[in-house]
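Enquirer: Dumping the structure here so I can ask a few things about it.
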Amino acid sequence: MHVKIGTCGFSVGRKKYFKFFKIVEIQKTFYDFVKEETLNKWREEAPSDFEFSFKVIQLLTHPLNSPTYRRMKDVKKFKENSLKYGFLKNTKEIFEIWKIMEKVSNILRARFVVFQFPKSFKRDSTNEKNLIRFFNKVKGSFTPVVEFRDDSWKEIYEEIIREGIIIGGDPLRQYIPRQRINYFRLHGLTMYRYKYTEEDFEEIYRHLTGDENIVLFNNIYMFEDAILFKQFLNQRGIHIT
């Protein structure tokens, strides 16, 4: 069993981070567009065996009334066509934004691309059709990871997995099916300010299955907790990168 551990975002300076971990999930790409020169800099600074994943920009997944758009500089220019964005709608605007994300993926050489949906993205015939259609259209050199906040999607998890999509999320807070590749995003049992315990590590350990497990901490103590979890697994003889 292979395990990769890291954090959601660079939790410390990049030079220090590269000494401890072999993977990071970029978060800045969710809130706003990131310049190509910045992406190239990150890739060039990182060791050759270092892996980037990233969260796609919210224009693909979130409606324009989401509070997360407060962090987007030029959000006003999208508001005129606000109904064309979010929920992976089958619009030319969505696929134009995806082309930009595809560039991000290529520059970072990302193996996993994360699509995190808001709780308002509920399973209905339209959302289900748009989701499957979108991923069929954009298939490429990456593996999509979807994180749902609404439980209604559980009923078709197996169908989604058959499409080559990974169901991601926090296995301590929601049902995540066992998959060949697991992609865990640990948000904290009481959200961001949570500190993981030895008992939590035991529970995460029980969810490690399949060929590969990506474990990414996303709490205020993420750097410290990720290191402690590496030590926890080392004591059990688990291969970690």
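Enquirer: Which of the following residues is under 20 Å from the mean Cα position of the chain (by Cα), touching a residue at least 40 places away in the same chain (Cβ under 8 Å), closer than 27 Å to residue 136 by Cα and in a helix (DSSP H, G or I): 52, 33, 87, 95? Can you show your working first?
Expert: On the way: 52 fails: in a helix (DSSP H, G or I); 33 fails: in a helix (DSSP H, G or I); 87 fails: in a helix (DSSP H, G or I).
Of 52, 33, 87, 95, the one residue that is under 20 Å from the mean Cα position of the chain (by Cα), touching a residue at least 40 places away in the same chain (Cβ under 8 Å), closer than 27 Å to residue 136 by Cα and in a helix (DSSP H, G or I) is 95.
Enquirer: Let me spell it out: the conditions are (1) more than 17 Å from residue 29 (Cβ to Cβ); (2) of a type in the set (Asp, Glu); (3) at pLDDT below 95, and residue 159 meets all of them except one. Which number is the exception?
Expert: Among (1) more than 17 Å from residue 29 (Cβ to Cβ); (2) of a type in the set (Asp, Glu); (3) at pLDDT below 95, residue 159 violates only (3).
Enquirer: Let me ask something additional. Would it be correct to say that residue 122 is basic (Lys, Arg) and either buried (at least 19 other Cβ atoms within 10 Å of the Cβ) or in contact with a helix residue (DSSP H, G or I) (Cβ under 9 Å, 6 or more places away or on another chain) (or both)? I'd like the intermediate steps shown before the answer.
Expert: Numbers: basic (Lys, Arg): yes; either buried (at least 19 other Cβ atoms within 10 Å of the Cβ) or in contact with a helix residue (DSSP H, G or I) (Cβ under 9 Å, 6 or more places away or on another chain) (or both): yes.
Yes.
Enquirer: Return the residue satisfying two criteria in turn: it lies in the stretch 1-30 and is touching a His at 6+ places or on another chain (Cβ under 9 Å) and in a strand (DSSP E or B), and of such residues it is surrounded by the fewest Cβ atoms within 10 Å (Cβ to Cβ).
Expert: 2
Enquirer: So, in the stretch 123-167, how many residues would count as being assigned to a loop (DSSP other than H, G, I, E, B), under 23 Å from residue 100 (Cβ atoms) and not charged (D, E, K, R)?
Expert: The total comes to 6.
Enquirer: Restricting attention to the stretch 66-84, does a residue exist that is touching a residue at least 60 places away in the same chain (Cβ under 8 Å) and surrounded by 16 or more Cβ atoms within 10 Å (Cβ to Cβ)? So that I can check it myself, show each step before the final result.
Expert: Let us first name the residues in the stretch 66-84 that are touching a residue at least 60 places away in the same chain (Cβ under 8 Å), namely none.
For the stretch 66-84, residues touching a residue at least 60 places away in the same chain (Cβ under 8 Å) and surrounded by 16 or more Cβ atoms within 10 Å (Cβ to Cβ): absent.
Enquirer: Go through the residues of the stretch 131-153 one by one and say whether even a single one is of a type in the set (A, V, I, L, M), farther than 21 Å from residue 56 by Cβ, surrounded by 15 or more Cβ atoms within 10 Å (Cβ to Cβ) and free of Cβ contacts under 8 Å to residues at least 40 places away in the same chain.
Expert: No, the stretch 131-153 has no match at all.
Enquirer: Take the conditions under 25 Å from residue 183 (Cα atoms) and surrounded by 11 or more Cβ atoms within 10 Å (Cβ to Cβ) and apply them to residue 111. Does it pass?
Expert: Against the criterion (under 25 Å from residue 183 (Cα atoms) and surrounded by 11 or more Cβ atoms within 10 Å (Cβ to Cβ)), residue 111 qualifies.
Enquirer: Mind listing whichever residues of the stretch 207-221 are in contact with a strand residue (DSSP E or B) (Cβ under 7 Å, 6 or more places away or on another chain) and among the aliphatic types (A, V, I, L, M)?
Expert: Passing the criteria: 208, 214, 215, 216.
The values are calculated or read from the model by the stated rules, or taken from the named source; none is laboratory data. Note that the structure is a prediction, hence the values are computed from the model and not measured. Cβ atoms come from the backbone with ideal geometry, glycine included; neighbour counts cover every protein chain shown.
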